1. I'd like to know if the range A:90-101 contains one or more residues that are surrounded by fewer than 20 Cβ atoms within 10 Å (Cβ to Cβ) and either within 13 Å of another protein chain (Cβ to nearest Cβ) or not in a helix (DSSP H, G or I) (or both).
2. Identify, from the list B:180, B:157, the residue that is more than 14 Å from every other protein chain (Cβ to nearest Cβ) and within 22 Å of the chain's Cα centre (by Cα).
3. Determine whether residue B:86 is part of a loop (DSSP other than H, G, I, E, B), crowded, with 17+ Cβ neighbours inside 10 Å, modelled with pLDDT of 90 or more and within 22 Å of the chain's Cα centre (by Cα).
4. Residue A:106: over 27 Å from residue B:44 (Cα atoms), within 12 Å of chain B (Cβ to nearest Cβ) and in contact (Cβ under 8 Å) with a residue 40 or more places away in the chain, yes or no?
5. Criterion first (buried (at least 18 other Cβ atoms within 10 Å of the Cβ), within 14 Å of another protein chain (Cβ to nearest Cβ), at pLDDT 90 or above and in contact with a strand residue (DSSP E or B) (Cβ under 7 Å, 6 or more places away or on another chain)) does residue B:57 satisfy it?
6. For the range B:71-82, name all the residues that are surrounded by fewer than 18 Cβ atoms within 10 Å (Cβ to Cβ) and either farther than 14 Å from residue B:151 by Cβ or more than 9 Å from every other protein chain (Cβ to nearest Cβ) (or both).
7. Only one of these is more than 14 Å from chain A (Cβ to nearest Cβ), farther than 19 Å from residue B:159 by Cβ and crowded, with 18+ Cβ neighbours inside 10 Å: B:3, B:7. Name it.
């Protein structure tokens, strides 16, 4: 990648790492919350639904500030994690946390839709054949929602790649540590002569976002064909 | 093995309050839609938790409110055959068949997969997915899947209702084989009198959540007061033996010394069968009819006459072949002077006896 400068490569690699971990760690929570919202009726369900969607609607800078208050070095969660020697403030892990939270609603929405498309009668059939709930989930529900899970993950990954507002508010814009791709674009635009680097990163962003969208569409179509065709 | 069921439950429209025993063989829950049949089966399966009651297979209790006992469905060792098949769309036929078997305790695996696959004729479908199967094929796979779970109890909720007549005729023999070859109780829900006639060892007639009649198929179906699925379902069930296949395309049956003719059926001479005679296909005559094209004529005495709200009445006759039901008008009852104890003749048109109303007879268990 000779046409990219070292600072640009640094930002791209960091963004890929941050988005990968943000997606991977959020995924189990995303599946669980999506399943709970789709299948269970419990008090506070609407509240949970609202909380999950909040990062989608709030200004990202507000989410970032709330993260700073809770996960900052003086914040309650930050102090708790500090006890175990984990610091997220101004680290790449903090960038991953911000990206994960911002991507969470998109992931949950995609997975929840696919869970709602699974006929509960099939899960009942699994139970009558001797499968306990975890086994029914693993052998019936999960394989059937897998396309939704993959599509949701790709979407969440793309969102994490593009996350800017909450990240810069929470963990600032430290090259090599928290300067993700969008932060780098912003930084390059602040200095004279940085337009070239910014443009190159913008092109990469567009390619990644477009590729992710097309890939998730393709997976969705293929999965639909597998279940309905022979 | 006997399944005992006692249930109380409140449904939106009716109060369910019933109890019955289902011995080996097929116990048919018979009744119109909304009578609570499916609720009973789902309560036995554990898919629904009733307000009160007890469900047990012999001494093994699945549910008992007095002991606060409720086994979840996956611990009840069931084979549930659903109306819509409910095959797993993401698995092949082979994987669907293996599903229940995989969860069955190893020492309990009675059924040999190859034998079941052969019995159901689904060997050529093993690598296909359910979406590529016809309705009848799906239901055969569903039967196999339930059977290979080596259940202690088989449940079937209107398994033929979603199929057309030709497919029903294709699947019914498999249920007959299930009844005759599998040594667990089978609880079978239907509102089709033809299925009752062919399959039932005993019948539990339900109405508004209560058992209105319980007994052998020939007794329950001959009781016009049961008529759960409307007057068209009323019909007598006779035990007959194949006497002879005639060259003119008719099969002669013998029942209690009487002769019955019907269009050629595939059964062997000497085979014991059950045949359902729909009440609306029977004509009554107070004298021995003469110059009539109908071949089947049974002499008997009037047992009961039940008139409904409409112009019709159901007359039950005792004949040497067994009880016969006839649906006639009240005007005819008056014109013929029918009353209990009076002798008369039942005339049944040969072509009215349809092969789908004929089924293998049950060995008493």
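1. Checking the range A:90-101: at least one residue is surrounded by fewer than 20 Cβ atoms within 10 Å (Cβ to Cβ) and either within 13 Å of another protein chain (Cβ to nearest Cβ) or not in a helix (DSSP H, G or I) (or both).
2. Of B:180, B:157, the one residue that is more than 14 Å from every other protein chain (Cβ to nearest Cβ) and within 22 Å of the chain's Cα centre (by Cα) is B:180.
3. The answer is yes for residue B:86.
4. Numbers: over 27 Å from residue B:44 (Cα atoms): yes; within 12 Å of chain B (Cβ to nearest Cβ): no; in contact (Cβ under 8 Å) with a residue 40 or more places away in the chain: yes.
No: the conditions fail for residue A:106.
5. Details: buried (at least 18 other Cβ atoms within 10 Å of the Cβ): yes; within 14 Å of another protein chain (Cβ to nearest Cβ): no; at pLDDT 90 or above: yes; in contact with a strand residue (DSSP E or B) (Cβ under 7 Å, 6 or more places away or on another chain): yes.
In short, no.
6. Just the residues of the range B:71-82 that are surrounded by fewer than 18 Cβ atoms within 10 Å (Cβ to Cβ), to begin with: B:71-72, B:75.
Selection gives B:71, B:72.
7. Being more than 14 Å from chain A (Cβ to nearest Cβ), farther than 19 Å from residue B:159 by Cβ and crowded, with 18+ Cβ neighbours inside 10 Å holds for just one of B:3, B:7, which is B:7.
Yes or no, residue by residue, for (1) out of contact with any helix residue (DSSP H, G or I) (no Cβ under 7 Å at 6 or more places or on another chain); (2) crowded, with 20+ Cβ neighbours inside 10 Å; (3) in contact (Cβ under 8 Å) with a residue 24 or more places away in the chain; (4) more than 14 Å from residue B:138 (Cβ to Cβ):
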site	(1), (2), (3), (4)
B:154	no, yes, yes, yes
B:158	yes, yes, yes, yes
B:161	yes, no, yes, no
B:167	no, no, yes, no
B:176	no, no, yes, yes
B:187	no, yes, yes, yes
B:193	no, yes, yes, yes
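The values are calculated or read from the model by the stated rules, or taken from the named source; none is laboratory data. For clarity, every value in this text was computed on a predicted model and none was experimentally measured. Positions of Cβ are backbone-derived with ideal geometry, glycine not excepted, and every protein chain shown enters the neighbour counts.
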